[in-house]
1. How big, in percent, is the set of alpha carbon pairs in the chain lying more than 32 Å apart?
2. Residue separation times 0.36 nm, minus the C-alpha to C-alpha distance between ARG73 and LEU174: what's the value?
3. Evaluate the distance, in nm, between pseudo-label points positioned 7 Å from the Cα of GLU293 and of SER117 along their respective Cα→Cβ axes.
4. Enumerate by residue number the GluC sites (Glu not before Pro) in the stretch 193-297 meeting two conditions: DSSP loop (anything except H, G, I, E, B), and at most 11 other Cβ atoms within 10 Å of the site's Cβ.
5. On full extension of the chain, what length is gained from GLU132 through GLN257, given 0.36 nm per residue of separation minus the C-alpha to C-alpha distance?
6. How large, in percent, is the carbon and sulfur part of the accessible surface of the stretch 6-87 at a probe radius of 1.4 Å?
7. Summing -39500 (n - 2.57) over the DSSP H runs of n ≥ 4 in the chain and dividing by its residue number, what mean residue ellipticity at 222 nm do you reach, to the nearest 500 deg cm²/dmol?
8. Report the charge-dipole magnitude of the stretch 166-259 in Debye, nearest 20, computed about the Cα centre from +1 at each Lys and Arg Cβ and -1 at each Asp and Glu Cβ.
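The values are calculated or read from the model by the stated rules, or taken from the named source; none is laboratory data. Quick caveat: nothing in here was measured; it's all calculated off a predicted structure. Because the Cβ atoms are built from the backbone with ideal geometry, glycine has one as well, and the counts that use them run over all protein chains shown. Quick note on the areas: whole protein, heavy atoms, side chains included, nothing else; ligands and nucleic acids left out. Shrake-Rupley method; radii C 1.70, N 1.55, O 1.52, S 1.80 Å.
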Amino acid sequence: MDVGGRSGEMEVLVRVAQEGSLSAAARTLGMTPSAVSRIIARTEQRLGTRLLLRTTRAITFTAEGEAYLRGARRILADLAEVEDAIADQSVPKGRIRVSAALGHGRLAIVPLVAAFSARYPNIVVDLTLGDEVVDILGGQADVAVRFGPLPDSPLTARKVGETGQIVVASPDYLARHGTPQAPEDLLQHNCLRFNFRRAEPNWPFVRDGEVFSLKVCGNIECSSGEALAQLARVGAGIARIGAFTVNEDIGRGDLVQLLEAYNPGEREPIHAVFVGGPTMPARVRLFVDFLIEHHRL
């Protein structure tokens with residue numbers, strides 16, 4: 001052990017207090033009892049006061065020794081905390097709580113979490129999938145992946161990607177009810193819609209370069225894009241949902257994309273939202289950087 005500095009002297013004194021004797025403290029420090037005794041004597045000489053009273057049976061601290069011991073413990077604890085924080089920058093560790101929407105989380109975030117954990121095994125990723133908006137400032141998550149425009153807030157947001165929405169239905173539904181050829185045909189169909197507050201009852205389309213919206217109706221509403229995709233697959237109606245949710249379904253032929261010529265092509269941004277600033281842990285920065293680098297839809 002290096003005891004050339006004052007922090008080393010403090011640790012010797014703290015260890016003596018813990019072990020109750022010079023010889024026991026010396027064993028745990030890998031030193032000789034005489035070396036421990038010399039360090040204490042040197043500290044007392046520098047301070048100009050006795051810190052320990054030694055007898056053949058016990059060691060007791062003087063009032064000055066007790067005050068020095070309290071301060072030494074506090075300083076050593078602060079030093080350990082600073083060193084841990086610096087070490088976290090070079091070898092990131094700890095827990096990071098991540099919140100993502102159910103469908104997008106399952107399809108896009110879960111595979112990235114697996115890859116991230118393989119690269120940084122000392123970071124514990126605590127992933128929650130759900131469509132509710134978590135309170136990051138309130139401590140419910142460290143990073144949240146959110147869709148659409150963001151409200152003004154003190155949080156930091158970095159763009160992860162973007163996605164678009166498409167209109168789909170199952171071959172069975174189309175066989176029973178017909179295939180819409182123009183947006184207005186949707187007025188004769190059962191349209192499956194989102195029910196959360198920011199969802200618009202109108203579906204946007206474009207014709208001859210002009211964007212317009214159509215108010216559609218249906219008897220099923222849901223908060224989950226995955227659930228709407230499932231309802232569309234079983235023939236419950238026509239849905240307009242994120243392309244990433246149904247790309248596999250379209251590839252298998254379980255769903256058919258409709259009205260492609262009328263798709264306005266609007267893109268919805270996807271952001272990672274978190275508390276930024278100089279005190280942001282390295283593990284949060286690394287996770288956000290990883291999302292931005294590897295996120296694909």
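1. Working: 22925 of 43956 pairs.
When all Cα pairs of the chain are counted, 52 percent exceed 32 Å.
2. Working: separation 101, 0.36 × 101 = 36.36 nm, distance 7.49 nm.
So the extension gain works out to 28.9 nm.
3. 1.9
4. On the way: sites: GLU210, GLU221, GLU226, GLU248, GLU260, GLU266, GLU293; in loops: GLU266.
Listed in order of number, the matching sites are GLU266.
5. Working: separation 125, 0.36 × 125 = 45.00 nm, distance 2.81 nm.
Using 0.36 nm per residue and subtracting the Cα-Cα distance, I get 42.2 nm.
6. On the way: 2620 of 4930 Å².
Solvent-exposed carbon and sulfur of the stretch 6-87 make up 53 percent of the total.
7. Numbers: 9 runs with 114 residues, N = 297.
-12000 deg cm²/dmol, from helical runs alone.
8. On the way: 9 positive and 11 negative charges, 45 e Å.
Charge dipole of the stretch 166-259: 220 debye, to the nearest 20.
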